[in-house]
Amino acid sequence: MCGIVGYIGSKSVVEILTEGLRKLEYRGYDSSGIAVATPEIKVYKAQGKLQNLEEWMMQHADETKNATKGIGHIRWATHGAPTTVNAHPHTCNCGKLVIVHNGIIENFKELRVELEKKGCTFQSQTDTETVAHLIAQEFAKTKDLTEAVRIATQQIQGAYALCIMHQDLPDVLVATKRNAPLLVGIGDGEYFVASDIPAIIEHTKRAMYLNDNEIVTLTRDSMSLIDIDNNKKEMKIETLPWEPVALSKMGFKHFMLKEIHEQPDVIRNVLSGKIYNVDEPVSLKEVKLTDADLKNLNRIQIIACGTSLHAAMAGKYLIEDMCSIPVDVEASSEFIYRKNVTDANTLVIGVSQSGETADTITAIKQSKEKGSHILIITNRPDSAMARLADSLIPVSAGIEVSVAATKSYVAQLISFYLLAIYMAEIKGTASVEFLKELKRELVIIPQKIEQILAHKDDIRKCAKEYSSYKNFIYIARGINLATSLEGALKLKEISYINATGYAAGELKHGPIAMLDETMPVLAILMKGSVYEKILSNAEESKARNAKLIALTNSDDEKLNSLFDNIIKVPDVSEILSPIIAVVPLQLLAYYIAEYLGKDVDQPRNLAKSVTVE
Ligand code: AGP
């Protein structure tokens, strides 16, 4: 889950590459590097943040100012420590061939042994350097870079997006991919290669997505496409659906805070075109299953990772509650390595913000082979996962830059409400009045979130009080168990505090042993069927001197004596409460991380999409 860029044209290339890498920094920030054709190939690398590379480039501005072709890389280290030697780009021994790579070469050890036998000497511990030597070997035979890449990639196993150039071919840039995202931006007399849209959107809105095993050859005035079997491929040019402004912080200090504030409009966006009026059934044309299929459905399997898995857990609760269909939810990384049971009568739902998460893609491919109907809920309708879908529900949250998912989570939740209502209306498994009331309340949720955002300073104060704790527990029951897990994940991933979400009823079976005055316990105490139960779990925690925070829509006076802090949220029915309850938890995590001076948008060791297993 690195980011790669490439450029061939007439403009000075260094800034185009570094600006492109900045827009891809959410994919990894262990090291970065670029290579430019001056026309001699010159390689520049730096450990750590992109800024280090930019400072290094300033010192070499003279030797690169005339370069109009180059490639670049931003790294999330998998093979080889995040050092300058292991940073990309990597070259062959003569230094004339240079590559950047996103993905993992699974058979690199075997290839390395063969290449060392042929006299190649390796500088780094990376899997990627193997590919540089492999392509150079083929180029020595063919003197044709496209052909060399084609032959070399036939010997590679694993996932890769590659961009390659050779010093002897100053007017050629080649790129290819398999199981990793890659697109080409088409300009006027120039081409941009990138792992994702943000790196090219300010230059052009015309682009071509590469499919697996396709190889594109670019010159300053031409583009050609073949596949790994040397067949000419049709080039499908698309218009990118975003504006460059989507990539600005709009005056917020961090993308995460901006994206939290975008949630009311994101929800309005997801609901628009789906709920016209509450008396009409939900319109969900994206579901390509007939009413008969839905009526005969005997099981749903949902697969996802991280925050998307939490949305899936809430989805399970909603679908079982409204549609009485058994729903299993599982982490993709577990699902793919066991004898999972899905068949043609199982609806398999994949949930993913990026649509590029490798484990979920593998799980979807496994289920597709078994004949299941594949429904994908994703924020990236242009992603590899979306291309596997029989039914595709785009959650339309807009580009999410901050590594910590917020608006995409809420958009996934809303999509599950729409799906559950849609299926319940077709199956007649919930009362018309209940569904009408649910829709009526759903469309006013955005205002309630605006109320929470308007009072965010109360949450900032609470965050300050709790920012020095090393551990944190979230407890909840029922549909908000997913919310407690999501709240804990947000705090973990951006503040590095050891936060855990628990089913409140599980406390007594072990976790309660950890409670004392050093352990804050946040109880998600929303009015409804489990309110009293959670209250008694909170009292048990108080009895062990834990610091207690309540997140609640209750006006119950006695809460003031039990809880040290109360985060009050607008009233909402229990079934809709996860959408409301998660927002203060996002803000709490944000402000605690901000107080601790953490890099909120680019937390250590993380990346926005995990494109390797
Ligand atoms: C969430 O904040 C994290 N970025 C991470 O857990 C993420 O949800 C997970 O990697 C799944 O990503 P996806 O939704 O793009 O598949």
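The values are calculated or read from the model by the stated rules, or taken from the named source; none is laboratory data. Bear in mind the structure is a predicted one, so any value in this text is a computation, not a measurement. Cβ atoms come from the backbone with ideal geometry, glycine included; neighbour counts cover every protein chain shown. Remember, those area values only see protein heavy atoms, side chains included, never the ligands or the DNA or RNA. Shrake-Rupley method; radii C 1.70, N 1.55, O 1.52, S 1.80 Å.
Of the residues Cys120, Cys163, which single one is in a strand (DSSP E or B), modelled with pLDDT of 95 or more and not β-branched (Val, Ile, Thr)?
Working: Cys120 fails: in a strand (DSSP E or B).
When all the criteria are applied, what remains is Cys163.
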Provide a single number: the residues in segment 449-493 that are assigned to a helix (DSSP H, G or I), in contact (Cβ under 8 Å) with a residue 24 or more places away in the chain and more than 16 Å from the ligand (Cβ to nearest atom). 18
Before we move on, is Asp359 open to solvent by 10 Å² or more (accessible area, probe 1.4 Å) and either basic (Lys, Arg) or within 16 Å of the ligand (Cβ to nearest atom) (or both)? yes
Test Lys527 against the criterion of being part of a loop (DSSP other than H, G, I, E, B) and either within 16 Å of the ligand (Cβ to nearest atom) or modelled with pLDDT under 95 (or both), and give yes or no. no
Return only the number of the condition from (1) touching a Gly at 6+ places or on another chain (Cβ under 9 Å); (2) within 16 Å of the ligand (Cβ to nearest atom); (3) open to solvent by less than 10 Å² (accessible area, probe 1.4 Å) that Leu419 does not satisfy. (2)
Which number in (1) more than 24 Å from Asp168 (Cα to Cα); (2) touching a residue at least 24 places away in the same chain (Cβ under 8 Å); (3) open to solvent by 50 Å² or more (accessible area, probe 1.4 Å) marks the one condition that Ser31 misses? (3)
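For Ser333, indicate whether it is assigned to a loop (DSSP other than H, G, I, E, B), within 16 Å of the ligand (Cβ to nearest atom) and within 18 Å of the chain's Cα centre (by Cα).
Criteria not met by Ser333.
Among the residues that make up segment 601-612, is at least one of them away from the ligand (no atom under 16 Å from the Cβ), open to solvent by 50 Å² or more (accessible area, probe 1.4 Å) and out of contact with any helix residue (DSSP H, G or I) (no Cβ under 6 Å at 6 or more places or on another chain)? Even if it seems obvious, please write down each step before you answer.
We begin by selecting, within segment 601-612, every residue away from the ligand (no atom under 16 Å from the Cβ); these are none.
No, segment 601-612 contains no residue that is away from the ligand (no atom under 16 Å from the Cβ), open to solvent by 50 Å² or more (accessible area, probe 1.4 Å) and out of contact with any helix residue (DSSP H, G or I) (no Cβ under 6 Å at 6 or more places or on another chain).
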What is the residue count in segment 227-265 for residues that are β-branched (Val, Ile, Thr) and open to solvent by less than 30 Å² (accessible area, probe 1.4 Å)? 2
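Pick out the one residue from Asp556, Asp571, Asp599 that is without any contact (Cβ under 8 Å) to a residue 24 or more places away in the chain and either of a type in the set (Val, Ile, Thr) or under 30 Å from Lys407 (Cβ atoms) (or both).
Numbers: Asp556 fails: either of a type in the set (Val, Ile, Thr) or under 30 Å from Lys407 (Cβ atoms) (or both); Asp571 fails: without any contact (Cβ under 8 Å) to a residue 24 or more places away in the chain.
One residue alone meets the criteria, Asp599.
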When segment 398-416 is checked residue by residue, the ones that are within 13 Å of the ligand (Cβ to nearest atom), touching a Phe, Trp or Tyr at 6+ places or on another chain (Cβ under 9 Å) and of a type outside the set (S, T, N, Q) are Ile399, Glu400, Val401, Val403, Ala404
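Matching residues to (1) open to solvent by less than 10 Å² (accessible area, probe 1.4 Å); (2) at pLDDT 95 or above; (3) assigned to a helix (DSSP H, G or I):
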position: Tyr317; (1), (2), (3): no, yes, yes
position: Asp343; (1), (2), (3): no, no, no
position: Val351; (1), (2), (3): yes, yes, no
position: Gly355; (1), (2), (3): yes, yes, no
position: Ile376; (1), (2), (3): yes, yes, no
position: Ser396; (1), (2), (3): no, no, no
